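Visitor: Shown below is the structure under consideration.
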Amino acid sequence: MAEEFDVVVVGAGPAGSAAALVLARAGKSVCLLERGPFPGSKNMYGGVIYPRILDGLIPNWWEEAPVQRWVTRRATMVLTGTQSLTVDYRTEAWGRPPYNGATAYRPDFDAWLAGKAVEAGAVLACETTATGLLGAPGKGGIRGVRTDRPGGEIGARLVIACDGVNSLLAKEAGIYGKADPHHFTLGAKETLALPARVIEERFGLAEHEGADFEIVGCTEGVAGGGFLYTNRETVSVGVVLHLPELAASKKRPEEIIASMKANPVIAPLVAGGELVEYSAHLIPEGGWVMLPGLVADGMLVAGDAAALCLAAGIWLEGVNFAIGSGMAAGETALEALDSGNVSAPGLAGYRKRLEGNFVLADHRKLRRAPHLMLSDRVQHRYPQMICNLTEAMFTVTNPEPKKGILAHTRIEARRAGVRLGQLARDTASALRTYG
Amino acid sequence: MAPTDPGPGPVLVARKWVDRRPTVDLLTGEVSTDPRSSGASEADEAALEWGLRLAGVWGVGVLAVTAGPPDAEAVLRPALAAGAGGAVRIDLTSPPGHLAGGAPSSRAVASALALVARTAGSRMVLCGDLSLDRGSGAVPAFLAGELGAAQGLGLVSLAPDPDRPGHLGAWRRLDGGRREELALAPPWVCSVEGGTARLRRAELAGVLAAGRAPVEVVTAETSGPAPPHPARTGPGRPRTHLLTGPDPTADARHRILALTGALVERTPPLTLTLGPGEGADRILEALRAWGELPGEEFP
Ligand SMILES: Cc1cc2nc3c(=O)[nH]c(=O)nc-3n(C[C@H](O)[C@H](O)[C@H](O)COP(=O)(O)OP(=O)(O)OC[C@H]3O[C@@H](n4cnc5c(N)ncnc54)[C@H](O)[C@@H]3O)c2cc1C
């Protein structure tokens, strides 16, 4: 055994670093394992973080967090090959403390957050992959992890698995059942370099302001969505694709990004951008319906490892959910260590903590959203229908008089192959989901 | 009584820290580095592995050394993790009047390393033969000069004599695929090629301990002659010239012609073939004639 710690946290993503920070600040001995050469080196995402969850953990975090731009413009776009409808919201309030969302590079943000844990006393070991658990639930409990280094066993009273989506440790602990590919999407993105001034002109932004565009109808018939975010001197453009549909379509994710970039609405925004990075990653899109048991004897699971990323169509929030659940895991671990009960029942407070804050409250409230957003009509029929409807309403066909919205809706629904009953049911379902 | 042999001391492994993607502030010329994009070359990694192997055979320690700012400790921690017993960072300061921020000369780095080697009682020094920034590769040779040590540079293989600590056979490439074989006895300075040994994967206990291990910091002066480049570390800014404005009463076309100097007769470009000394004189003469050396700052 290389060493014994109170807690081993596996994965220095936002969930792991938040858990390690809470524990190290409370004086516990913590080892934070990361397989990459530095925290964040392996991590990709779309690009917007909602860091208000840090208010209590790192007061005035905005003065030091490595932020690219503060998001002051948020748009939701419905695209077809030739049409687009955008709901575009801007506010100066999001450009001032305490801010709302920020674009940030994960190698910067994750390294910064892990640095906080190290400052507080956590021991960070990079280029070290946890390959398995020591001990097992029910058989004396989990007592540490095995790693890929020589002499690579670390003992711990508790393990917190923050190893991201498709967590091998959570699976080994028997926390997950058989994985269902319908609960996963693949995110792929290109980072394109453009001068800051060009980005500001194209997106209508001031110097530190950023834009966040969420897009439906740009994925070549594969269920999913697209996004476009602005960093200081790059833009991130990418897609999130339903795994089974992507496989069935035989399309490559980069081809789908290419077709999105060629869309007449997107093309002028990214024109001339030089590709500086291409990356892809799985998303545990299922949310509530794929939620695993969150604890085992001697182990807690947080962040994407516990499928806590919120992918609810207009909201794609994972980093704040990872930090929120990591903090809750850290607090629960503290309690359990102090009471000397690290068994699964001793860790039951974790779920209560998550239910008592936004993490499980939002997941429960939006539990129908992933299914609704990936449904056939939302993906394949409504974008065209909504754009046609808007076009019909604003096309002046004199000498014909104007038709009412309902008449247009009836016509366009029929053209899109949607029955009015289905439309009403979907509207009611959307209201139930988001209302 | 015969004096006892002090032995060859620990193997000193010198590692050059280089940031592969430093950022330069275009306005101030300030260079910032990032530990995440910096590291040591493949040759320096090989040197560390050879150092650990030799030390293992002879039962001596390994001391890892680098010269650079605090970020440079990024190349010392992996050495500690892999088995080095100690680590020293040399903080090189520029003497007054020296150019701040320029890379220290190979000689200055070598004399600082020599100081550390003497203090540690090390008579065996290993380096990589090529750094990440493809520097001059002259440090090992200067260091051997400073220590009065034998040199084995650009080696491809080393074979320690298990019975005589510090003694080893070494091989380096010659033209035509031939090898030169050297027999070295301490004191020696060797540099090895990259790829001749693959750095071992550090044990977990080593990695955990390395994060907390102290790194000794020694301060040394870059006392050697100033390197020729860069002559100045700030951004290049052309001198300002006072220009009299165009005649305000002239029409727009003439004002633009006057401002741009278009259509004005000028000295055509001149091609001269001169020796280096004469060439330098001729350049100074031209600069003087153009008013670029008002204070005659350059002797
Ligand atoms: C395309 C895409 C777009 C997204 N867009 C957004 C967005 O705009 N905003 C947002 O908030 N969220 C977004 N997300 C979701 C967000 O990225 C995740 O929810 C979040 O990163 C989860 O954090 P985590 O700490 O749980 O896991 P991760 O960030 O995945 O971190 C896991 C860490 O564990 C390490 N690790 C894994 N296995 C091991 C092991 N065995 N041993 C040691 N270390 C290990 C990894 O290297 C990594 O550092 C997006 C995701 C994708 C894929």
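Visitor: Would you mind getting the accessible area per residue of region B:11-221, heavy atoms of the protein chains only, 1.4 Å probe, in Å²?
Guide: 46
Visitor: Given the Cα atoms of region B:241-299, and with Rh set as the inverse mean 1/r over their pairs in the Kirkwood sense, what is Rg to Rh to two decimals?
Guide: 1.15
Visitor: Here's something else I'd like to know. Compute the separation of the alpha-carbon centres of region A:333-402 and region A:164-226 and state it in Å as a whole number.
Guide: 15
Visitor: Right, something else. At a cut-off of 10 Å², which residues of region B:173-206 become less accessible once all protein chains are present than in their chain alone, using a 1.4 Å probe?
Guide: At a threshold of 10 Å² (probe 1.4 Å), the residues of region B:173-206 that become less exposed are B:R201, B:A202, B:E203, B:L204, B:A205.
Visitor: Give the carbon-plus-sulfur fraction of the accessible surface of the protein assembly as shown in %, rounded to a whole number; probe 1.4 Å, heavy atoms of protein chains only.
Guide: 55
Visitor: Between B:S32 and A:Q422, how many nm apart are label points set 7 Å from Cα along the C-beta direction?
Guide: That separation, rounded to one decimal, is 5.4 nm.
Visitor: For the protein assembly as shown, build the charge dipole from Cβ charges (+1 Lys, Arg; -1 Asp, Glu) around the Cα centre, then report which of A:P107, B:A55, A:G326 sits farthest towards its positive end.
Guide: A:G326
Visitor: Here is a follow-up. Just name one of A:L192, A:V289, A:G140: the one whose Cα is farthest towards the positive end of the charge dipole of chain A (beta-carbon charges, Lys/Arg +1, Asp/Glu -1).
Guide: A:V289
Visitor: Follow-up. Using square roots of five times the C-alpha gyration tensor eigenvalues, list the equivalent-ellipsoid semi-axes of region A:1-142 in whole Å, biggest first. Intermediate results must be reported in sequence, preceding the final value.
Guide: Details: eigenvalues 257, 74, 33 Å².
Rounded to whole Å, the semi-axes are 36, 19, 13.
Visitor: Take every DSSP beta bridge with both residues inside chain A and express the antiparallel ones as a percent of the total, to the nearest 5.
Guide: DSSP beta bridges in chain A are roughly 70 percent antiparallel.
Visitor: Nearest 20 debye, what's the magnitude of the dipole of chain B about its Cα centre given +1 on Lys and Arg Cβ and -1 on Asp and Glu Cβ? Walk me through the numbers on the way to the answer.
Guide: Numbers: 29 positive and 33 negative charges, 111 e Å.
Computed about the Cα centre, the dipole is about 540 debye.
Visitor: Quote the charge dipole size of chain A about the Cα centre in Debye, to the nearest 20; the model charges only the Cβ of Lys and Arg (+1) and of Asp and Glu (-1).
Guide: Its charge dipole is roughly 1580 debye.
Visitor: Now for a different question. Looking at chain A, which longest stretch skips every one of the GluC sites (Glu not before Pro) that is in a DSSP loop with at most 12 other Cβ atoms within 10 Å, leaving the sites themselves out?
Guide: It works out to A:208-435.
Visitor: Let me ask something additional. Over all Cα pairs of the protein assembly as shown, how is the pair count split among 10 Å bins, expressed in % and running from 0 up to the last occupied bin?
Guide: For the protein assembly as shown, the pair-distance distribution reads 3, 12, 17, 18, 17, 14, 10, 6, 2, 0, 0, 0, 0.
Visitor: Taking R0 as 56 Å, what FRET efficiency do you get between B:R201 and A:D376 from their Cβ-Cβ distance, rounded to the nearest 0.05? Numbers along the way, then the final one.
Guide: Numbers: r = 50 Å, r/R0 = 0.89.
After rounding to 0.05, the efficiency reads 0.65.
Visitor: What distance in nm separates the two pseudo spin-label positions at B:T119 and A:A271, each 7 Å out from Cα along the beta-carbon direction?
Guide: 6.1
Visitor: Given that compact globular proteins tend to follow 2.2 N^0.38 Å, what is the ratio of the alpha-carbon Rg of region A:284-435 to that value?
Guide: That works out to 1.51 for region A:284-435.
Visitor: Restricting to Cα pairs below 8 Å that are 6+ residues apart, what does the relative contact order work out to for region B:11-221? Please round to a whole percent.
Guide: Relative contact order here is 28 percent.
Visitor: Dipole magnitude of the protein assembly as shown about its Cα centre, charges +1 at Lys/Arg Cβ and -1 at Asp/Glu Cβ only, in debye to the nearest 20?
Guide: So the dipole magnitude of the protein assembly as shown works out to roughly 2320 debye.
Visitor: Cα centroid distance between region B:132-171 and region A:1-54, in Å?
Guide: 42
Visitor: Moving on. Leaving out ligands and nucleic acids, and using a 1.4 Å probe, what accessible area per residue does chain A come to in Å²?
Guide: Using a 1.4 Å probe on heavy atoms only, each residue of chain A averages 41 Å².
Visitor: Taking Cα atoms, how many degrees apart are the long axis of helix B:276-289 and the longest axis of chain B, rounded to 10 and kept between 0 and 90?
Guide: Tilt relative to chain B: about 40 degrees.
Visitor: Buried by at least 30 Å² relative to the chain on its own: which residues of region A:129-155 qualify, computing accessible area with a 1.4 Å probe on protein heavy atoms?
Guide: Residues losing area: A:R149, A:P150.
Visitor: Lys/Arg Cβ at +1, Asp/Glu Cβ at -1, dipole of region B:241-299 taken about the Cα centre: which of B:L284, B:L259, B:L270 is farthest positive-ward?
Guide: With unit charges placed on the Cβ atoms, the residue in question is B:L259.
Visitor: Filter A:K116/A:K139; A:K139/A:K178; A:K116/A:K261; A:K28/A:K352; A:K28/A:K365 down to the pairs with a C-alpha to C-alpha distance above 29 Å, please.
Guide: In this structure, A:K116/A:K139; A:K116/A:K261; A:K28/A:K365 exceed 29 Å between Cα atoms.
Visitor: Calculate the all-directions average of the projected area of region B:11-221's alpha-carbon convex hull, and give it in nm².
Guide: Its Cα hull, projected and averaged over all orientations, spans 12.6 nm².
Visitor: OK, next. Where is the GNM fluctuation largest for chain A (alpha-carbon springs, 10 angstrom cutoff): A:R157, A:R74, A:R149?
Guide: A:R149
Visitor: Right, another one. Please determine, in degrees from 0 to 90 and to the nearest 10, the orientation of helix A:405-416 with respect to the longest principal axis defined by the Cα atoms of chain A, where the helix direction is its Cα long axis.
Guide: 70
Visitor: Here's a follow-up. Can you list the HN-Hα couplings for region B:45-60, worked out from phi with the Karplus curve (6.51, -1.76, 1.60; θ = phi - 60°), rounded to whole Hz and with x for Gly and Pro?
Guide: 5, 5, 4, 5, 4, 4, x, 5, 5, 4, 4, x, 5, 8, x, 10
Visitor: If you don't mind, another one. Under the rule of at least 5 residues apart or a separate chain, name every residue whose amide H is placed under 5 Å from the amide H of A:Q68.
Guide: Placed amide hydrogens put A:T103, A:A104, A:Y105 under 5 Å from A:Q68.
Visitor: Using the C-alpha atoms of region A:194-293, what convex hull volume per residue, in cubic angstrom, is computed?
Guide: Here the figure is 127 Å³ per residue.
Visitor: log10 I(q)/I(0), Debye, Cα-only chain A, no solvent, q = 0.06, 0.07, 0.14 Å⁻¹?
Guide: Evaluating at q = 0.06, 0.07, 0.14 Å⁻¹ gives log10 I(q)/I(0) of -0.27, -0.37, -1.28.
Visitor: Would you calculate a helix-derived [θ] at 222 nm for chain B, using -39,500 (n - 2.57) for each DSSP H run of n ≥ 4 and dividing by the full residue count, to the nearest 500?
Guide: Taken over chain B, the calculation gives -8000 deg cm²/dmol.
Visitor: May I ask for the angle, rounded to the nearest 10°, between helix B:106-120 and the longest principal axis of chain B, with both axes built from Cα atoms and the value confined to 0 to 90°?
Guide: Compared with the principal axis, the helix lies near 30 degrees.
Visitor: Rg(Cα) of region A:287-346 divided by 2.2 N^0.38 Å? Don't skip to the end; give the middle numbers.
Guide: Numbers: Rg = 12.8 Å, N = 60, 2.2 N^0.38 = 10.4 Å.
Here the answer is 1.23, to two decimals.
Visitor: Taking a probe of 1.4 Å and counting only protein heavy atoms, give the total accessible area buried between chains B and A in Å², rounded to the nearest 100. Kindly include the intermediate steps, with their values, before the conclusion.
Guide: Numbers: alone 18100 and 18590 Å², together 35470 Å².
So the total buried area for this chain pair works out to about 1200 Å².
Visitor: Measuring with a 1.4 Å probe in the full set of protein chains, what accessible area per residue, in whole Å², belongs to region B:241-299?
Guide: 92
Visitor: Figure the gain on full extension for A:T131 and A:A93 (residue separation times 0.36 nm, minus the Cα-Cα span) and round it to one decimal in nm.
Guide: 9.1 nm is the gain from fully extending A:T131 to A:A93.
The values are calculated or read from the model by the stated rules, or taken from the named source; none is laboratory data. Note that the structure is a prediction, hence the values are computed from the model and not measured. We place every Cβ from the backbone using ideal geometry, glycine too, and count neighbours over all the protein chains shown. Just so you know, the surface numbers come from the protein's heavy atoms only, side chains and all, with ligands and any DNA or RNA stripped out. Shrake-Rupley method; radii C 1.70, N 1.55, O 1.52, S 1.80 Å.
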